[in-house]
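Novice: If you scroll down you'll find the structure; I have some questions about it.
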Amino acid sequence: MKKQLIYYPIREITCLLTGFLVLVAVSQSIGQTKVQIKGDKFFINGQATYSGQAWKGHTIEGLLMNARLVQGVFDDLNPETVDRWKYPDTGKWDADRNTDEFVANMSQWKAHGMLSFTINLQGGSPEGYSKNQPWHNSAFTAKGELRGAYMARLKKILDEADRLGMVPILGLFYFGQDERLEDEKAVINAVDNAVNWLHNHKYKNVLIEINNECNVRYSHKILQPERVHELILRAKAIQKEGYRYYVSTSYGGKFIPLPNVVKAADFILLHGNGVTEPEKIVEMVNQTKAVEGYQKKPILFNEDDHFDFDKDFNNLIASISSYASWGYFDFRKKGEGFEEGYQSVPVDWSISSARKKGFFNLLKEITGY
């Protein structure tokens, strides 16, 4: 019996091949970046960060230099306050624009040696520092379920971080917004949902910060210093295919972590706000190492609103001199233009101001990028 040859139009073959190549590309890109902690060093894809790098006698290898960029998925669900965040060029707020512009600038941050940034599912104060927070910015519903629009924006950022080889620190809660969750059960539900969402998307480049500054004005007791370690342990216990996330939490400026967190956390988060003398940064690191239960693990500042990047000694340099990673925190001060700050909404995510340039130029020099 003679075999019949079946001919497909070139267009159909091209479509099939294109679809196949897209599937291959997607499958190769998922989870391409993996963070590990070994002792007090961070590793990315099996290699210590800033491998072999030293600066003015200070070892940089294994550190994770970062910035506080918590508004990457920001939105305001309160119609009475949303107009506060309108862009100067359009006169309106746009959450998708905010995230898209964040993503567009990530490669520039990485090119200057910034391997990490803190983002938060309840943001931070969009005014820099605020006593009252009438706006409603939360990726969680009252019962702790995930809001799809927030998580879609987060996915854009985490996908790009994965592609670039960056390690985001994902914060879950922020004081002033945590009361959006109705009770402790909702808080626990939110932790479970967020961690499982990360697992389901196969990210292995993400560190978790349960909440920003656990000792500052949280409504739910499980987010306060005495009990926050319960959520650290809970998040660590959620495993999938043998993988779990590294988890910690942070405290307010100048505060030394308490033993329950030091024992439970995989890495220690400090804040340098209020530390006006760089020498005190070194003291904070030494005091943290003396806390009951401390064992060799990374110490990382992920918020510090001090600059002086042109000086021979500043908080950043003090931090690396004590072998602790450092995080740049900058907000728009009264009377300053749109280009200033990374926390004030709307955000100009480019390296646009003198302060931003001062940080990134010094960072590039220190990290050897």
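The values are calculated or read from the model by the stated rules, or taken from the named source; none is laboratory data. This is a predicted model, so every value here is computed, not measured. A quick note on method: Cβ atoms are made from the backbone with ideal geometry, for glycine too, and the neighbour counts reach across all protein chains shown. Ligands, DNA and RNA are excluded from the accessible area calculation, which covers all protein heavy atoms including side chains. Shrake-Rupley method; radii C 1.70, N 1.55, O 1.52, S 1.80 Å.
Novice: Answer with yes or no whether residue 61 is acidic (Asp, Glu) and open to solvent by 50 Å² or more (accessible area, probe 1.4 Å).
Specialist: Against the criterion (acidic (Asp, Glu) and open to solvent by 50 Å² or more (accessible area, probe 1.4 Å)), residue 61 does not qualify.
Novice: Further, regarding this structure: Residues in segment 39-52 that are free of Cβ contacts under 8 Å to residues at least 24 places away in the same chain and open to solvent by 80 Å² or more (accessible area, probe 1.4 Å): how many? First the steps, then the outcome.
Specialist: Pass one, segment 39-52, residues free of Cβ contacts under 8 Å to residues at least 24 places away in the same chain: 43, 46-48, 51-52.
From what's left, open to solvent by 80 Å² or more (accessible area, probe 1.4 Å): 47.
Count: 1.
Novice: Can you pull out every residue in segment 303-319 that is buried (at least 24 other Cβ atoms within 10 Å of the Cβ) and out of contact with any His (no Cβ under 6 Å at 6 or more places or on another chain)?
Specialist: Those that are buried (at least 24 other Cβ atoms within 10 Å of the Cβ) and out of contact with any His (no Cβ under 6 Å at 6 or more places or on another chain): 304, 316, 318, 319.
Novice: I would also like to ask the following. Just give me the residues in segment 325-342 being in contact (Cβ under 8 Å) with a residue 24 or more places away in the chain and surrounded by fewer than 24 Cβ atoms within 10 Å (Cβ to Cβ), in sequence order.
Specialist: Passing the criteria: 330, 331, 332, 333, 338, 341.
Novice: Could you say which residue among 84, 68 is buried (at least 19 other Cβ atoms within 10 Å of the Cβ) and of a type in the set (Lys, Arg)?
Specialist: Values: 84 fails: buried (at least 19 other Cβ atoms within 10 Å of the Cβ).
So the residue among 84, 68 that is buried (at least 19 other Cβ atoms within 10 Å of the Cβ) and of a type in the set (Lys, Arg) is 68.
Novice: It is to be established whether one or more residues within segment 193-208 are modelled with pLDDT of 95 or more, closer than 20 Å to residue 110 by Cβ and not in a loop (DSSP other than H, G, I, E, B).
Specialist: As a first pass, look at segment 193-208 and keep what is modelled with pLDDT of 95 or more: 193-208.
After this cut, where a residue has to be closer than 20 Å to residue 110 by Cβ as well, the list is 203-207.
Okay, now just the ones that are also not in a loop (DSSP other than H, G, I, E, B), so 204, 207.
Looking through segment 193-208, at least one residue is modelled with pLDDT of 95 or more, closer than 20 Å to residue 110 by Cβ and not in a loop (DSSP other than H, G, I, E, B).
Novice: Under the condition of being open to solvent by less than 30 Å² (accessible area, probe 1.4 Å) and not in a helix (DSSP H, G or I), which residue from segment 349-366 is farthest from residue 115 (Cα to Cα)?
Specialist: Filtering first and then ranking leaves 353.
Table: residues versus (1) open to solvent by 30 Å² or more (accessible area, probe 1.4 Å); (2) closer than 25 Å to residue 176 by Cα.
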position	(1), (2)
199	no, no
202	yes, no
222	no, yes
230	yes, yes
244	yes, no
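Novice: As an exercise: evaluate residue 322 against (1) open to solvent by less than 10 Å² (accessible area, probe 1.4 Å); (2) in contact with a helix residue (DSSP H, G or I) (Cβ under 9 Å, 6 or more places away or on another chain); (3) not hydrophobic (A, V, I, L, M, F, W, C) and give the number of the one condition it does not meet.
Specialist: Going through the list (1) open to solvent by less than 10 Å² (accessible area, probe 1.4 Å); (2) in contact with a helix residue (DSSP H, G or I) (Cβ under 9 Å, 6 or more places away or on another chain); (3) not hydrophobic (A, V, I, L, M, F, W, C), residue 322 breaks only (1).
Rundown of residues vs (1) over 13 Å from the mean Cα position of the chain (by Cα); (2) surrounded by fewer than 23 Cβ atoms within 10 Å (Cβ to Cβ), yes/no style:
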| site | (1), (2) |
| --- | --- |
| 102 | no, no |
| 106 | no, yes |
| 124 | no, no |
| 132 | yes, yes |
| 139 | yes, no |
| 142 | yes, yes |
| 148 | yes, yes |
| 169 | no, no |
| 186 | yes, yes |
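Novice: Is it the case that residue 263 is open to solvent by 40 Å² or more (accessible area, probe 1.4 Å) and either modelled with pLDDT of 95 or more or touching a strand residue (DSSP E or B) at 6+ places or on another chain (Cβ under 6 Å) (or both)?
Specialist: Yes: the conditions hold for residue 263.
Novice: Residues to consider are 232, 256; find the one that is assigned to a loop (DSSP other than H, G, I, E, B), at pLDDT 95 or above and over 22 Å from residue 136 (Cβ atoms).
Specialist: 256
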